[in-house]
Amino acid sequence: MSLLNVCDLTLGYEGKIIVNKLRFTVNSGDFLSIIGENGTGKTTLVKGLLGLINKYSGNIEFSEGITQSHIGYLGQKNLIARDFPASVYEIVMSGFLNSKRFGLFYTKSQKEEANRLMERVGIAKLKNAVFSELSGGQQQRVLLCRALCAAKKLILLDEPTTGLDPIASADFYGLLSELNKEGVTVIMVSHDVTGAIRMSSHILYLGKDASFFGTTHQYLHSNIGKSIMVEGCPCDSCAHKQKEVL
Amino acid sequence: MDIFSYSFMVNALIVGVLIAICCALLGVVLVLKRYSMIGDGLSHVGFGALSVAAVLNLSAPLYIALPVVILAAYFLLRITEKGKVNADAAIALISSSALAIGVFVASINGTNIDLQQYMFGSILAVSKGDIIISAVLTFCVLVIFVLFYNKIFAVTFDENFARATGIRTSVYNITVSVLTAITIVVGMRMLGTLLISALVIFPALTSMRICKRFKSVVISSVIVSVACVIAGLFTSYYFENVPVGATIVIYNLGVFLLYTAVSLLIKVTKKK
């Protein structure tokens with residue numbers, strides 16, 4: 001069952017088209033990675049999916065009861081002021097602001113849900129900690145937790161491991177994988193191609209000339225993806241394995 | 001105390017405390033959103049508008065200055081939001097132009113306007129009408145901050161995320177800048193064109209030295225702001241000829257240095 005259906009989507013700024021007639025589908029439980037070189041419209045696509053910019057043409061359809069404001073969004077961290085005074089709890093709770101239109105204060109069930117999610121992503125002990133004093137990996141978990149509070153089923157991450165050291169990145173990817181297995185649908189923009197291929201079920205490649213959308217396996221066997229080496233490709237006669245042996 | 005036997009002092013205290021509350025609350029948002037210079041720009045536009053209104057002999061210069069400054073607030077916000085033009089340069093241009101127009105117009109028409117009073121403020125400039133305006137304004141600011149506290153936090157912390165969750169962030173930005181415009185026009189005649197922006201920026205910046213959570217920054221800012229205004233008013237009352245605006249800013253500077261020293265002390269003891 002498709003959760004998100006994008007059909008012939010065209011996006012851009014001030015008349016300049018950046019994303020042209022893009023088509024892809026995300027099913028419930030998928031892990032879609034959006035990869036591609038700089039300037040091919042990855043972040044523009046994210047903004048389009050979130051409704052932060054108006055689309056020129058095409059359709060973005062959500063189903064299974066979610067709407068645009070129910071995407072749990074984890075943006076690029078450099079847009080948040082480093083010295084911003086805020087506790088972890090204050091930030092996590094702000095994820096709930098989409099769920100109740102007229103609610104001015106957080107409800108008890110929201111607070112319980114927040115506690116559960118903080119436990120889940122491993123920041124329960126940091127509840128009253130100061131955001132700006134946390135490590136990069138911890139900060140990213142806090143923002144992920146906020147995204148989960150906002151999300152019903154779908155989270156959208158824009159280069160979530162930028163600025164993290166390799167260990168923190170691996171930790172973060174591990175957590176994402178687990179959440180995905182528990183049923184959270186993930187769309188992730190990444191420039192870490194190998195990491196993305198290892199984790200995702202589907203790949204959307206945005207290129208200057210051509211784009212590709214399909215399963216990760218299909219991507220690896222496409223002309224665009226052939227050059228990429230990974231471990232554990234499921235087919236025996238596959239070029240990747242041979243490359244690895246060599 | 002005999003200070004309360006002078007009605008102008010009572011008026012100044014009431015307006016001062018109310019404006020201090022507004023400045024502190026709005027200041028937290030402005031400073032954290034990197035809009036600190038908007039306050040400065042607006043006070044200069046307010047000066048220009050007040051001078052022109054006074055020269056034209058309009059009976060109520062405040063009612064000319066208010067809409068002009070609100071309009072200016074809207075444009076300054078748009079400039080800053082779009083980030084296309086160099087925002088800080090644009091604000092500097094607008095504020096110096098407005099200041100120049102104000103001084104020029106006032107000088108051409110002879111010196112029947114007290115430029116000094118506009119620049120550096122005066123307790124005597126506070127009228128009964130100011131009390132009503134600042135009371136209504138403070139009521140609005142407080143109601144908005146209490147009712148929409150969580151959304152204000154979300155928009156200030158991460159505007160993109162807030163927009164993605166469906167909050168109409170431009171409404172919040174416009175509300176904040178309009179309220180700032182009114183606060184500045186009302187406050188600038190007491191504190192002075194050149195000094196009112198300090199009241200917006202100082203309390204938030206001071207509080208951020210020690211307070212590391214949004215709620216504590218908001219509460220501390222209000223306390224610092226009100227305390228400095230009251231202390232400034234009393235000081236300028238007991239030492240005659242001391243301008244109230246400058247005194248309040250000096251108090252703010254003192255508290256800022258104190259907070260900075262304390263935060264350094266905390267850092268040192270934590271390391272041990």
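Here are the numbers for this structure:
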{"read-out": "Approximate shape of the range B:132-226 as ellipsoid semi-axes (Cα gyration tensor, √5λ), whole Å, largest first", "value": "24, 18, 12"}
{"read-out": "Inverse of mean 1/r across different Cα pairs in the protein assembly as shown, Kirkwood, Å", "value": "25.7 Å"}
{"read-out": "Other-chain or far-sequence residues with amide H under 5 Å of B:Gly121's (modelled H)", "value": "B:Gly192, B:Thr193"}
{"read-out": "At R0 = 45 Å, FRET efficiency that the Cβ-Cβ distance of A:Arg198 and A:Asp83 yields, to 0.05", "value": "0.80"}
{"read-out": "Relative contact order of chain A, pairs being alpha-carbon contacts under 8 Å that are 6 or more residues apart, as %", "value": "25 percent"}
{"read-out": "Between the range B:118-132 and the range B:175-233, the Cα center-to-center distance that results, in Å", "value": "17 Å"}
{"read-out": "Ratio Rg/Rh [Cα only; Rh per Kirkwood] for the range A:18-152", "value": "0.99"}
{"read-out": "Taking only Cα atoms of the range A:122-228, radius of gyration then Dmax in Å", "value": "15.4, 50"}
{"read-out": "Relative contact order [Cα under 8 Å, 6+ residues apart], the range B:169-243, whole percent", "value": "18 percent"}
{"read-out": "Links that overshoot a 27 Å alpha carbon limit, given the list A:Lys16/B:Lys33; A:Lys21/A:Lys77; A:Lys125/B:Lys212", "value": "A:Lys16/B:Lys33; A:Lys21/A:Lys77"}
{"read-out": "Where labels lie 7 Å past Cα in the beta-carbon direction, separation of A:Cys7 and B:Tyr63 in nm", "value": "5.8 nm"}
{"read-out": "Exposure proxy ranking, count of Cβ atoms within 10 Å, fewest first, for B:Tyr63, A:Tyr173, A:Tyr106", "value": "B:Tyr63, A:Tyr106, A:Tyr173"}
{"read-out": "Ranked list, fewest to most other Cβ atoms within 10 Å of each Cβ, for B:Ser5, B:Ser122, B:Ser97, B:Ser134", "value": "B:Ser5, B:Ser97, B:Ser122, B:Ser134"}
{"read-out": "Simple label model, 7 Å out from Cα along Cβ direction - A:Glu119 to A:Thr67, nm", "value": "3.1 nm"}
{"read-out": "Ratio of Rg to Rh over the range A:124-170 (Cα coordinates, Kirkwood Rh, two decimals)", "value": "0.98"}
{"read-out": "For A:Ile34, distant residues with modelled amide H under 5 Å away", "value": "A:Met188, A:Val189, A:Ser190, A:Leu204"}
{"read-out": "Local electrostatic count at A:Val184 - Lys and Arg +1, Asp and Glu -1, tallied over other residues with Cβ under 15 Å", "value": "+2"}
{"read-out": "Taking the C-alpha atoms of the range A:5-87, convex hull volume expressed per residue in Å³", "value": "139 Å³"}
{"read-out": "Volume in Å³ per residue [convex hull over Cα atoms, computed for the range B:1-66]", "value": "107 Å³"}
{"read-out": "For the range B:241-255, 3J(HN,Hα) per residue [Karplus equation, 6.51 cos²θ - 1.76 cosθ + 1.60, θ = phi - 60°, Hz, x = Gly/Pro]", "value": "6, 8, x, 5, x, 4, 4, 4, 5, 5, 4, 4, 4, x, 5"}
{"read-out": "Extension gain (nm, one decimal) between B:Gln116 and B:Glu240, 0.36 nm per residue minus Cα-Cα", "value": "43.0 nm"}
{"read-out": "Equivalent ellipsoid semi-axes - Cα gyration tensor, the range B:2-193, angstrom", "value": "30, 22, 12"}
{"read-out": "Sequence-distant residues sharing a close amide H with A:Asn27 (under 5 Å, placed H)", "value": "A:Leu3"}
{"read-out": "Geometric extent, Cα atoms of the range B:114-272 - Rg, Dmax (angstrom)", "value": "17.8, 56"}
{"read-out": "Vicinal HN-Hα couplings computed from phi for the range B:196-204 (Karplus, 6.51 cos²θ - 1.76 cosθ + 1.60; Hz; Gly/Pro x)", "value": "4, 5, 4, 5, 7, 8, 4, x, 5"}
{"read-out": "For the range A:68-77, Karplus couplings with θ = phi - 60° (6.51, -1.76, 1.60), whole Hz, Gly/Pro x", "value": "4, 7, 9, 7, x, 9, 10, x, 5, 6"}
{"read-out": "Pair B:Ala227, B:Val171: separation of 7 Å Cα→Cβ label points (nm)", "value": "3.7 nm"}
{"read-out": "Eligible aspartates and glutamates near A:Lys152 by straight Cα distance, threshold 17 Å, same-chain separation 8 or greater", "value": "A:Asp30, A:Glu61, A:Glu64, A:Glu112, A:Glu113, A:Glu178, A:Glu182"}
{"read-out": "Rounded D (µm²/s) - chain A, Kirkwood Rh over Cα pairs, Stokes-Einstein at 37 °C, 0.692 mPa s", "value": "173 µm²/s"}
{"read-out": "Partner chain coverage, peptide B:147-155 - average Cβ within 10 angstrom", "value": "4"}
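Read-outs: derived from the displayed coordinates by stated rules, not from any lab. Source: prediction; values computed, not measured. Don't worry about glycine lacking a Cβ; one is built from the backbone with ideal geometry, like all the others, and counts go over all protein chains shown.
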